[in-house]
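Notes to accompany the following structure.
The values are calculated or read from the model by the stated rules, or taken from the named source; none is laboratory data. Just so you know, these numbers come straight off a predicted model, no measurement behind them. Because the Cβ atoms are built from the backbone with ideal geometry, glycine has one as well, and the counts that use them run over all protein chains shown. Areas reflect the complete protein model, heavy atoms only, side chains present, ligands, DNA and RNA absent. Shrake-Rupley method; radii C 1.70, N 1.55, O 1.52, S 1.80 Å.
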Amino acid sequence: MAPSSAEAAAITGNNSPGTANVMGYWKYSTPNTTILPEGEYEAYYKFTINKGERVYVRGSYDKQYTGMKIEVYAPGFSDIGTRVINPSSLTPFIFAKTGDVTSTTETYYVKVSRGTYTGDMYFTVSIQDRIKSGSGSFNFTGTATNTGNTSLNPAGVDSSVITMDLTGNNTIPKGAIVKSIKTASTQTPNQGIVTHKLMSNQNNVWNTATAVSATSGSYDISLQNQFLVAKKWSFKYNAKASGKSTMTKVSADIRYEYDVTEQF
């Protein structure tokens, strides 16, 4: 199955770590066609990656290439992929991931092994960013009711709790992690000195909004908390006023990041 492009531009002869095709810094790498001739069993590549970056390496696949595998490795780390993604599509592929990059710059190697196919093999190796960002607005169910701070407690009085369950929400990517979260609401009647509170059942700890507001709340929540979006979330609000009030139309605006490879 020869490629339609000129073979002169193809990658070949990279059959050992010492002859690995140099892809350079991964963001600028070019996925040219590789020719793995009959009688050669492995093709090697190497690339650099910076601290904190997370990528995956994918190799194009053909249904004849039974047993083909891809390995991404560095000192102390190895990930091997054999599972064919989208096997019935026009662009099936196999993939493997890098590990945690803790040095300023690290070099990773890629090894593609042929499997049981015996003829010349033609495929491309490309490097993709694993991490993507997304966002969504989600609604709490019910009405939060506050009986009022009739005792004029300086700490105020918390309302009843309402919830939203995102565990079965299929619009949220698998494994999505909260980058930031804000709540919005309508209070009736509108009162001063009101504070939103939010809790995930991941740790069952209440988070208090960083500013006083009857209509919105921002929280000191980031990727460091490692909160999964697809959890059950609870909401309540604290009021200092002595009169009764309610909160309706409570929603959460969540910005998140997720790993593309967890969606395969």
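Below, the figures for the structure above:
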{"read-out": "All positions within the stretch 188-202 that are out of contact with any Ser or Thr (no Cβ under 6 Å at 6 or more places or on another chain), surrounded by 12 or more Cβ atoms within 10 Å (Cβ to Cβ) and either assigned to a loop (DSSP other than H, G, I, E, B) or at pLDDT below 95 (or both)", "value": "I193, N201, Q202"}
{"read-out": "Of all residues in the stretch 242-258 being basic (K, R) and part of a strand (DSSP E or B), the one that is surrounded by the fewest Cβ atoms within 10 Å (Cβ to Cβ)", "value": "K249"}
{"read-out": "Options F140, F123; residue that is aromatic (F, W, Y) and under 30 Å from I49 (Cα atoms)", "value": "F123"}
{"read-out": "Among the candidates S151, S89, residue that is surrounded by fewer than 17 Cβ atoms within 10 Å (Cβ to Cβ) and out of contact with any strand residue (DSSP E or B) (no Cβ under 9 Å at 6 or more places or on another chain)", "value": "S89"}
{"read-out": "Conditions (1) within 30 Å of K132 (Cβ to Cβ); (2) exposed (fewer than 13 other Cβ atoms within 10 Å of the Cβ); (3) free of Cβ contacts under 8 Å to residues at least 24 places away in the same chain; number of the one not met by N207", "value": "(2)"}
{"read-out": "Test set (1) surrounded by 14 or more Cβ atoms within 10 Å (Cβ to Cβ); (2) closer than 22 Å to E257 by Cβ; (3) touching a residue at least 40 places away in the same chain (Cβ under 8 Å) - G99 fails condition number", "value": "(3)"}
{"read-out": "Checking A144 against (1) surrounded by 18 or more Cβ atoms within 10 Å (Cβ to Cβ); (2) under 22 Å from the mean Cα position of the chain (by Cα), the condition it does not meet", "value": "(2)"}
{"read-out": "Matching residues in the stretch 210-224 - criterion: being outside any loop (DSSP other than H, G, I, E, B) and either open to solvent by 60 Å² or more (accessible area, probe 1.4 Å) or in contact with a helix residue (DSSP H, G or I) (Cβ under 8 Å, 6 or more places away or on another chain) (or both)", "value": "Q224"}
{"read-out": "Residues of the stretch 63-82 classified as surrounded by 11 or more Cβ atoms within 10 Å (Cβ to Cβ), free of Cβ contacts under 8 Å to residues at least 24 places away in the same chain and outside any strand (DSSP E or B), total", "value": "1"}
{"read-out": "Meets criteria (crowded, with 16+ Cβ neighbours inside 10 Å and in contact with a strand residue (DSSP E or B) (Cβ under 9 Å, 6 or more places away or on another chain)) for F123", "value": "yes"}
